[in-house]
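The values are calculated or read from the model by the stated rules, or taken from the named source; none is laboratory data. This is a predicted model, so every value here is computed, not measured. Counting neighbours? That spans all protein chains shown, and the Cβs are built from the backbone with ideal geometry, glycine included.
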Amino acid sequence: MKALKRCVASGCALLAATLPGIAAAQELDTGNTAWMLTSTALVLFMTIPGLSLFYAGMVRAKNALSVMMQCFTITCLMTVLWALYVYSLAFGTDVGGVIGDLGKAFMAGVAVDSVSGSIPETVFSMFQLTFAIITPALIVGAFAERMKFSAMLCFMALWVTLVYAPVAHWVWGGGWLGTMGVKDFAGGTVVHINAGVAGLMAALVLGKRRGFPQTPMKPSNLVLTMVGAGMLWVGWFGFNAGSELAADGVAGMAMAVTQIATAAAALTWMFLEWMAHGKPSALGLASGAVAGLVAITPASGFVGPMGALVIGVASGLFCYLAVVKAKRAFGYDDSLDAFGVHGIGGVVGAILTGVFIDAGLGGAGLPEGVSLGGQVMLQVIGAGTTIIYCGIVSLIILKVLDATVGLRVSEEQEQVGLDLVLHDEQGYNLS
Amino acid sequence: MKLITAVIKPFKLEDVRQALGEAGVQGMTVTEVKGFGRQKGHTELYRGAEYTVDFVPKTKIEAAVPDSLLDQAVEAIIAAAATGSIGDGKVFVSDLENAVRIRTGETGDQAL
């Protein structure tokens, strides 16, 4: 029976090969579909529980539950908005290279048999949704421990509509940046630069936490942070290798370079700290790993293993300097370094993607007729445009919300802690 | 009767408990405490943010002993808790007016 099935299957394949008309571009591939179902679960796992734990461990005990609550709520809110209209804005039919139309609003036309590329459109849409979940969740790190929950919800709903959806469309949805030739394999620009810059704006508009930087603000539980960092690393294979939207050689290379860059960045940060302060730290090691994951994201489908190694070392170095030196020098309070790690790591990765894509440097090769300098310039344009657009629109949203609902909790509420004040619960009831 | 109050390094608790037992001390009360002496605190570093922690975790042992046992009990604590490095802790001795065993109503040395 099995032999018969195989015989019929190979017969069909032969027929399809000889009659190209039958093998249409929109044919579903079960192998690809299986991998994308898996990848979607992996990327969701990055936010809940990965990022939630990573962040919860870094805040003070009185705010641990609040950041987990924010990440979890963002997951729910983004999902509902995605189904209503955000998917359509990002991936609907292109309107002038700027935004998608509302043809897919309410998931119109996304049915059991809809195919996108070689996978069901349901899977494509859910995979992309997980990116629209983690991007706003990353911003939480910048304003942790002082933002009103209601204001956070308003900000995230507006931000995903006015910033995430258009930028995702520009790069991946058939918009102008992608058409121009900007290379962003898995979201260095769309996810990390976007989240990092929005986070910086939020940190600046909200102002510093009371007592920063002179009062000790010790992480509540670095064990949770290490666990969360590990989950982020594992989930990132879905993020990067999944962004190929297929189970093929490019996905395999994306996985390999993700692993290599992450390890290199983690070691770089650890040794830098060891040299500067005399001891290697767990938080430094985990921070370096995340910096490497961020920087390899745009490059993952384009560069080779040795390119990944350089990208890892560079991101470890630059993110370390941003977090440990620049933040202190400029005095802004990016609580959990959303900008320092995701903003800076995203820029490092975006620019180096333009370098290590070169076949001579082990990459997949520059597009025809584009020089290395030209590609780097395109990458700078992609990153720069996102920084400017995201920066300005995020700033406007924050200012409007500050004037209407108010962004920040009161001094007393901040003192008591957001878990108790905003949620009538405590993350830890240990005694 | 004397009350011995010893503040020691937490990891030395088991050694001190055993030494006091061998010296004939029948019971003790142990509390996790924080404080500093000449050792001062220590510094912690999180992503470049350096915090000075003034109060170091210590373990406080309280034991009431008859006058006859005092010297050997104090010596037992000192011998068991010493590492030779700064922060080994201190032993305080104070007079104790009375003690009562709740179950029997015995008082003084009988209650210890």
Exclusive hit being buried (at least 18 other Cβ atoms within 10 Å of the Cβ) and touching a strand residue (DSSP E or B) at 6+ places or on another chain (Cβ under 7 Å), set A:P166, A:P216: A:P166
Mind listing just one residue for me: the one in region A:302-320 that is crowded, with 22+ Cβ neighbours inside 10 Å and assigned to a loop (DSSP other than H, G, I, E, B) and, of those, farthest from the other protein chains (Cβ to nearest Cβ)? A:F302
Report, ordered by the first and then the second residue, all pairs with beta carbons closer than 6 Å, sequence separation of six or more or different chains, a first member in region B:73-91 that is closer than 11 Å to B:A23 by Cβ, and a second member that is part of a strand (DSSP E or B) and of a type in the set (G, A, S). B:I77/B:A6
Odd one out for A:D419 among (1) touching a Ser or Thr at 6+ places or on another chain (Cβ under 9 Å); (2) part of a loop (DSSP other than H, G, I, E, B); (3) among the charged types (D, E, K, R): (2)
Those residues of region A:328-370 which are of a type in the set (G, A, S), under 14 Å from A:K183 (Cβ atoms) and not in a helix (DSSP H, G or I) amount to A:G363, A:A364, A:G365
Can A:T93 be described as modelled with pLDDT of 95 or more, of a type in the set (S, T, N, Q) and under 30 Å from A:V59 (Cα atoms)? no
For region A:169-213, give me each residue that is among the β-branched types (V, I, T) and either buried (at least 21 other Cβ atoms within 10 Å of the Cβ) or within 17 Å of A:S243 (Cα to Cα) (or both). A:V171, A:V182, A:T189, A:V190, A:V191, A:I193, A:V197
So, in region A:352-375, how many residues would count as being touching a Leu at 6+ places or on another chain (Cβ under 9 Å), under 16 Å from A:G188 (Cβ atoms) and not hydrophobic (A, V, I, L, M, F, W, C)? 2
In this structure, does A:G181 turn out to be more than 17 Å from A:G292 (Cα to Cα) and small (G, A, S)? yes
Restricting region A:269-301 to residues that are away from chain B (no Cβ under 12 Å) and in a loop (DSSP other than H, G, I, E, B), which is nearest to the chain's Cα centre (by Cα)? A:T297
Looking at region B:77-88, is at least one residue of a type in the set (D, E), away from chain A (no Cβ under 14 Å), exposed (fewer than 12 other Cβ atoms within 10 Å of the Cβ) and within 13 Å of the chain's Cα centre (by Cα)? no
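One line per residue, one yes/no per condition, for (1) in contact with a strand residue (DSSP E or B) (Cβ under 7 Å, 6 or more places away or on another chain); (2) among the aromatic types (F, W, Y); (3) surrounded by fewer than 16 Cβ atoms within 10 Å (Cβ to Cβ):
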position: B:K12; (1), (2), (3): no, no, no
position: B:G21; (1), (2), (3): no, no, yes
position: B:K34; (1), (2), (3): yes, no, yes
position: B:G41; (1), (2), (3): yes, no, yes
position: B:L45; (1), (2), (3): no, no, no
position: B:E62; (1), (2), (3): yes, no, yes
position: B:V91; (1), (2), (3): yes, no, no
position: B:S94; (1), (2), (3): yes, no, yes
position: B:N98; (1), (2), (3): yes, no, yes
Let me confirm something: among A:A34, A:A41, which residue is small (G, A, S) and in contact with a helix residue (DSSP H, G or I) (Cβ under 9 Å, 6 or more places away or on another chain)? A:A41
All-but-one check, A:L398 against (1) of a type in the set (A, V, I, L, M); (2) over 22 Å from A:T179 (Cβ atoms); (3) outside any helix (DSSP H, G or I), failing number (3)
Residue, farthest from the chain's Cα centre (by Cα), within region A:405-416, restricted to residues that are surrounded by fewer than 16 Cβ atoms within 10 Å (Cβ to Cβ) and in a helix (DSSP H, G or I): A:E412
From the option list A:L317, A:L321, A:L361, single residue qualifying as modelled with pLDDT of 95 or more and more than 19 Å from A:M270 (Cβ to Cβ) is A:L361
Which residues, counting only those in region A:178-203, are assigned to a helix (DSSP H, G or I) and over 27 Å from A:A326 (Cβ atoms)? A:G178, A:T179, A:M180
Does B:E32 count as over 30 Å from A:L321 (Cα atoms), within 14 Å of chain A (Cβ to nearest Cβ) and within 13 Å of the chain's Cα centre (by Cα)? yes
Residues within region A:134-162 that are within 14 Å of the chain's Cα centre (by Cα) and either of a type outside the set (A, V, I, L, M, F, W, C) or surrounded by 24 or more Cβ atoms within 10 Å (Cβ to Cβ) (or both), tallied: 8
Would you pick out the residues in region A:225-239 that are away from chain B (no Cβ under 14 Å) and surrounded by 15 or more Cβ atoms within 10 Å (Cβ to Cβ)? A:V227, A:G228, A:G230, A:M231, A:L232, A:W233, A:G235, A:W236, A:F237, A:G238, A:F239
Condition (residue is β-branched (V, I, T) and in a strand (DSSP E or B)) applied to region B:68-81: is it met by at least one residue? no
Can you name every residue in region A:321-338 that is more than 8 Å from every other protein chain (Cβ to nearest Cβ) and either of a type in the set (G, A, S) or closer than 24 Å to A:M275 by Cα (or both)? A:L321, A:A322, A:A326, A:A329, A:F330, A:G331, A:S335, A:L336, A:A338
Restricting region A:202-224 to residues that are more than 16 Å from A:S66 (Cβ to Cβ) and within 12 Å of another protein chain (Cβ to nearest Cβ), which is modelled with the highest pLDDT? A:L222
I need every pair where a residue in region B:101-112 that is under 10 Å from B:A64 (Cα atoms) has its Cβ under 9 Å from the Cβ of a residue that is loosely packed, with under 12 Cβ neighbours inside 10 Å and acidic (D, E), sequence separation at least 6 or different chains. B:D109/B:D67
